[in-house]
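Everything below concerns the one structure shown next.
What follows is calculated from the coordinates using simple rules that are stated; it is not laboratory data. Computed from a predicted model, the values in this text were never measured in an experiment. Heads up, the Cβs are rebuilt from the backbone with ideal geometry, glycines too, and the neighbour counts pull from every protein chain shown.
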Amino acid sequence: MKKILVLSLLAVFGVYLAEVLFKIDFGHQFFLNGVKDFYLTASPDKLKVANVVTSIVVNFRGFDTLGEVTVLFLATTAMSSILYKGRHKLGERAVLFSSSRIVMTGSKLLFPAIILLGVYVFVHGHLTPGGGFQGGVIIATGFLLMLLSYQDYQVSHVVLSVVESLAGITFASIGLIGLLNGGTFLHNFLHTGVLNNLLSGGVIPIIYIAVGFKVGAELTGLIYTALNEKD
Amino acid sequence: MTGAAVYSVVQRDLLYAVIGTGVISLILSILFLFLQAPDVALTEAAIGVALTTIIFIITIRNTVRYEEDSNRHSKPASK
């Protein structure tokens, strides 16, 4: 009886989903007029930002991004406060496997390259695909590699929270300076520069670098807390 | 991709099931790249393949690895 109920519910859901999916052909332009033309012309011409996604995420919809960063901050704080049970002893961290010398040396070699890739991704967020979130996650992955390979590798919670707080303050204060200068929150008050230059787009690179540091610090702290969890 | 999805649902060893979901994310990120959405592809590759898989594996290490008969439809994840 329960199975029949579940199956019929799934069938109803599937019918509606399929109806919506088959109405629009694959690759068909559904939104013919709207704000997309404004974004597509304004971000290279006015803001001098080559990556339209970045200009939408950080400038046109920057306030939403601040909200997203806050959500991520709250989620990590909640998970850390649940999992954090006190300091573990040195070398007590239970890893999945005891790493061999090859793994340790290889991760030592790979770690700077991963960090460099993450920094590249969020510094060039306004020129190439990627941005603060992606770069921050890549940096967190690099720290994860080190934490898994080395039993006694430590990450300082104080440094992490200082970096996180400074990045958050930078984001919010840039928004407030824009409010004072141009009348709107996150108003682009800096000189926008030349299209496709590294120093272009006004406040967009600064905000994305702040977001990158913030996400990287948060996720590193999250992984560190989860790995050190004792039961 | 569908094969990996079915595999990770059917598989009783949760470690293999998590790796199946990682494979789904990998193929999905390649698909995003082909659909000219490199931003989304980067996000999917970083979060879906690396971070989610690792958090699930840490969870499995702290709980149990194999599914039991009594709770076949629920993963014993303590998220």
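Per-residue Cβ counts within 10 Å, from other chains only, averaged over A:124-135: what number is that?
On the way: counts 0, 1, 0, 0, 3, 8, 6, 3, 0, 5, 9, 2.
Partner-chain Cβ atoms within 10 Å, mean over residues of A:124-135: 3.
Local charge sum around A:E218 (other residues, Cβ-Cβ under 13 Å, Lys/Arg +1, Asp/Glu -1)?
Values: positive: A:K214; negative: A:E68, A:E164.
Neighbour charge sum, excluding A:E218 itself: -1.
For chain A, modelled as a GNM with alpha-carbon contacts under 10 angstrom, which of A:L176, A:L109, A:L17 fluctuates the most?
Answer for the Gaussian network model of chain A: A:L17.
Let me know the shape class of region A:21-86, please: from the alpha-carbon gyration tensor, a ≥ b ≥ c as square roots of the eigenvalues, rounded when a/c is under 1.5, otherwise prolate if a/b is greater than b/c, or oblate. Working shown, then result.
Details: a/c = 4.12, a/b = 1.76, b/c = 2.34.
Oblate, since a/c reaches 1.5 and b/c is not below a/b.
Indicate the gyration tensor shape class of region A:115-231 (rounded, prolate or oblate), computed on the Cα atoms with a ≥ b ≥ c the square roots of the eigenvalues: a/c under 1.5 is rounded; otherwise a/b larger than b/c is prolate and the rest oblate. Could the numbers behind the result be given before it?
Values: a/c = 3.78, a/b = 1.86, b/c = 2.03.
Oblate shape, in that a/c is at least 1.5 and b/c is the bigger or equal ratio.
Pick from B:V18, B:V49, B:V40 the residue whose mean-square fluctuation is largest in a GNM of chain B, springs joining Cα atoms under 10 Å.
For chain B, modelled as a Gaussian network with Cα springs under 10 Å, the answer is B:V40.
Tell me what the protein assembly as shown gives for mean residue ellipticity at 222 nm when only DSSP H runs of n ≥ 4 count, each as -39,500 (n - 2.57), the sum divided by the residue total, rounded to 500 deg cm²/dmol. If you can, show how the numbers build up before the last one.
Working: 11 runs with 191 residues, N = 310.
The per-residue figure over the protein assembly as shown is -20500 deg cm²/dmol.
Give me log10 I(q)/I(0) at q = 0.07, 0.10 Å⁻¹ for chain A, Debye formula, one equal scatterer per alpha-carbon, no solvent.
Normalising to I(0) and taking log10 leaves -0.34, -0.65.
How would region A:171-231 be classified by its alpha-carbon gyration tensor: rounded, prolate or oblate, with rounded meaning a/c under 1.5 and the a/b versus b/c comparison settling the rest?
Working: a/c = 6.98, a/b = 2.20, b/c = 3.17.
Because a/c hits 1.5 or more and a/b fails to exceed b/c, region A:171-231 counts as oblate.
Let me test this: with uniform point scatterers at the alpha carbons of region B:2-66, what is the Debye-based log₁₀ I(q)/I(0) at q = 0.16, 0.22, 0.23 1/Å?
These q points yield log10 I(q)/I(0) values of -0.53, -0.85, -0.89.
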